[in-house]
1. Which one of 58, 36, 48 has its Cα pushed farthest toward the positive end of the charge dipole of the range 25-69, where Lys and Arg give +1 and Asp and Glu give -1 at the Cβ?
2. If contacts are Cα pairs under 8 angstrom and at least 6 residues apart, what is the relative contact order of the chain in percent?
3. Hey, what's the chain come to in accessible area per residue, 1.4 Å probe, Å²?
4. Hey, got the Cα dimensions of the chain along the principal axes, in Å, largest first?
5. When the accessible area of the chain is split by element with a 1.4 Å probe, what percent falls to carbon and sulfur?
6. At 222 nm, what helix-only mean residue ellipticity would the chain give, in deg cm²/dmol to the nearest 500, using -39500 (n - 2.57) for each DSSP H run of four or more?
Amino acid sequence: MLLSYGIDTSANHRRAAYYVDRILKGAKPADLPIEQPMRVELVINVKTARALDLTIPQSLLVQATRVIE
């Protein structure tokens with residue numbers, strides 16, 4: 001993987017736990033609001049970029065949520 005841009009899966013798992021808790025406490029699933037992911041993350045793998053002889057601009061590296069060395 002060179003670059004990944006998508007939802008923050010750990011944040012989605014935490015929100016899923018909230019929904020499970022509400023349902024187990026008796027809430028009807030149809031009454032719970034639908035939520036869209038609020039956090040996205042940009043992950044850049046510099047090691048792969050070097051292997052492919054690519055240069056990642058510093059401006060993109062600064063914006064990344066996580067950089068894999």
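1. Working it through, the farthest residue towards the positive pole turns out to be 36.
2. Relative contact order here is 41 percent.
3. On the way: 5600 Å² over 69 residues.
Per residue, the chain has 81 Å² of solvent-accessible surface.
4. Ordered largest first, the chain gives principal extents of 55, 18, 14 Å.
5. Numbers: 3230 of 5600 Å².
Reported share for carbon and sulfur atoms: 58 percent.
6. Working: 3 runs with 28 residues, N = 69.
One gets -11500 deg cm²/dmol as the mean residue ellipticity at 222 nm.
The values are calculated or read from the model by the stated rules, or taken from the named source; none is laboratory data. Values in this document were obtained by computation on a predicted structure and should not be read as measured data. A quick note on method: Cβ atoms are made from the backbone with ideal geometry, for glycine too, and the neighbour counts reach across all protein chains shown. Heavy atoms of the whole protein, side chains included, go into the accessibility calculation; ligands, DNA and RNA do not. Shrake-Rupley method; radii C 1.70, N 1.55, O 1.52, S 1.80 Å.
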